[in-house]
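Peer 1: The structure is given below, and queries will be raised subsequently.
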């Protein structure tokens, strides 16, 4: 920014001056500056900046009460105060490249009296000619006593978290930039919007997701988060994946650690995985699934993922589904891969959340089972996730779609543990992006899941964050409660002051609580 030296004898500002004298001195500074700039030509040219964090073509101005800015008959802008033209204001506005003034508000406040009290109705947007520096414009505008405030108009957007996992760029279901999958170029944005959701939460260790599948093998991206599980067919606790990495792949989609420089990113970065084997090695009985559901509920599952398909739908299996539903445990199930209608069991039952599969072009994966029972769709074609051998592998199917919904549900419960199964279903449906026929359809249900939108709905439905005593405000009483929990949590699942979900109450939780502070 070019600085102009004040000539000898120029006005100076003394903060101890009486207000009227100070006003006159400001006027002298402004008149001198306007005259110098106009005589020198267009000064304060803006540098080229394609990635500038603020708008280069305008500034925001809050006028003092009774002041206005408008165009004269010759088209030049001028400032008026109490109806009278402010001397030399046109010259100053020329010096900064001001060419237009418009009300800033695109939406007029419904409560005009309230808006007037805070001065919201006095903001205007001053458009600058190309090349003029908005920062210079602000500094000169602030010399006008008729300008209460002037500021840049910042540029930003949705805060996204892009993890450093080496294979994340290939994970089109989480962030589709048009990358190829299965030999087909994707459609940018045809994904679950995971980075935007991660700006809200990346999960919490208190969330336990039971994976009823072929087992889960140890993997660096799941290290420390595979809980002791159960092998239903064999009747023991050995739960190593024995079916072509199927269960490990599903678990990676749900909860592979993100931003750890390893392999991929799952949706809920620190969810705990509860492996329950219900096949031997890749197929099995509905009664095994039923026993697996009951075991998972009885051993602390917050969610159950079932990337499974069965054709009979025995009453024994349905009774187990009803057992989980009565316990308030959401069950997310794949619709099946036969390309027929209706969906397979257990997805066909209304107590489960039925998920069908989509491609990287936001189209239904052709082999997905469909029908009126479908709740939502999720990416399922050529999905990269974890391999039982320790690396990664690609798989396709509604088995891959269901864990995307489960991972989102885990994120939702991490920000709002009180969500019911029906609320999770409703928020997955309401947050989904409609990608097929308008409204509900049998092929994609209510649409392809959107993690960001559904997590926002979960946050909106939550109690006031930081309100540890439940009185509707965050104040000193909650601060006292937080300090009482200070240190490691004795029980990670029952530690309300652990606001960041790391099983410890410390400085970050204190900072979070102060960020939620409402007082009173």
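Peer 1: Mind jotting down a quarter of the surface of the convex hull over the alpha carbons of segment 352-436, in square nanometres, one decimal?
Peer 2: 6.4 nm²
Peer 1: Okay, next question. Take the Cα radius of gyration of the chain and divide it by 2.2 N^0.38 Å, with N its residue count; two decimals is plenty.
Peer 2: The reported ratio for this selection is 1.28.
Peer 1: Next question. May I ask you to sort 349, 269, 230 by Cβ crowding, counting other Cβ atoms within 10 Å and putting the fewest first?
Peer 2: Going from least to most buried by this count: 349, 230, 269.
Peer 1: Assuming R0 = 22 Å, what is the FRET efficiency of residue 85 and residue 139, from their Cβ-Cβ distance, to the nearest 0.05?
Peer 2: Efficiency at R0 = 22 Å is approximately 0.45.
Peer 1: Once fully extended, how much extra length lies between residue 237 and residue 129, figured as 0.36 nm per residue of separation less the alpha-carbon to alpha-carbon distance?
Peer 2: 31.6 nm
Peer 1: Also: May I ask you to compute the full-extension gain from residue 430 to residue 361, defined as 0.36 nm times their residue separation minus their alpha-carbon distance, rounded to one decimal in nm?
Peer 2: 22.7 nm
Peer 1: Tell me the angle of helix 398-415 to the major Cα principal axis of the chain, expressed in degrees between 0 and 90 and rounded to the nearest ten.
Peer 2: 50 degrees
Peer 1: Right, something else. Based on the Kirkwood radius over alpha-carbon pairs, what value in µm²/s does the Stokes-Einstein equation return for the translational diffusion coefficient of segment 363-520 at 10 °C and 1.306 mPa s?
Peer 2: For these conditions, the coefficient is 89 µm²/s.
Peer 1: On to the next question. Size of segment 476-515 along its principal axes in angstrom, Cα-based, largest extent first?
Peer 2: That gives 24, 15, 13 Å along the principal axes, largest extent first.
Peer 1: Would you mind calculating the relative contact order of the chain from Cα pairs under 8 angstrom and at least 6 residues apart, reporting the percent as a whole number?
Peer 2: Once divided by the residue count of the chain, the mean separation gives 11 percent.
Peer 1: A follow-up question, please. Taking neighbour Cβ counts within 10 Å as the exposure measure, how do 406, 426, 287, 206 sort from fewest upward?
Peer 2: Final ranking by Cβ density, sparse to dense: 287, 426, 206, 406.
Peer 1: At 222 nm, what value in deg cm²/dmol follows for the chain if DSSP H runs of at least 4 each add -39500 (n - 2.57) and the sum is divided by all its residues, to the nearest 500?
Peer 2: Result for the chain: -8000 deg cm²/dmol, rounded to the nearest 500.
Peer 1: Here's another thing I want to ask about it. Return the percentage of antiparallel bridges among DSSP beta bridges fully within segment 168-461, rounded to the nearest 5 %.
Peer 2: The answer is about 30 percent antiparallel.
Peer 1: Where in segment 485-518 does the label zone of residue 259 land, with the point 7 angstrom along Cα→C-beta and an amide N cut-off under 20 Å?
Peer 2: 498-516
Peer 1: Pop a pseudo-label 7 angstrom from the Cα along the beta-carbon direction at both residue 393 and residue 108 and give the gap in nm to one decimal.
Peer 2: 6.4 nm
Peer 1: Give me 353, 162 ranked fewest to most by other Cβ atoms within 10 Å of their Cβ, as a rough exposure proxy.
Peer 2: With the sparsest Cβ surroundings first, the list reads 162, 353.
Peer 1: What do you get for the angle between helix 19-40 and the principal long axis of the chain? Use alpha-carbon atoms, 0 to 90 degrees, nearest ten.
Peer 2: 90 degrees
Peer 1: Calculated FRET efficiency, residue 73 and residue 149, Cβ-Cβ r, R0 30 Å, to nearest 0.05?
Peer 2: Between residue 73 and residue 149 the formula returns 0.55.
Peer 1: Just to verify a number: FRET efficiency for residue 298 and residue 244, C-beta to C-beta distance, R0 = 22 Å, to 0.05?
Peer 2: 0.15
None of the figures in this text is laboratory data; all of them are computed from the coordinates on show. A quick note: this is a predicted structure, and the numbers were derived from the prediction, not measured. Glycine gets a Cβ as well: all are built from the backbone with ideal geometry, and neighbour counts include every protein chain shown.
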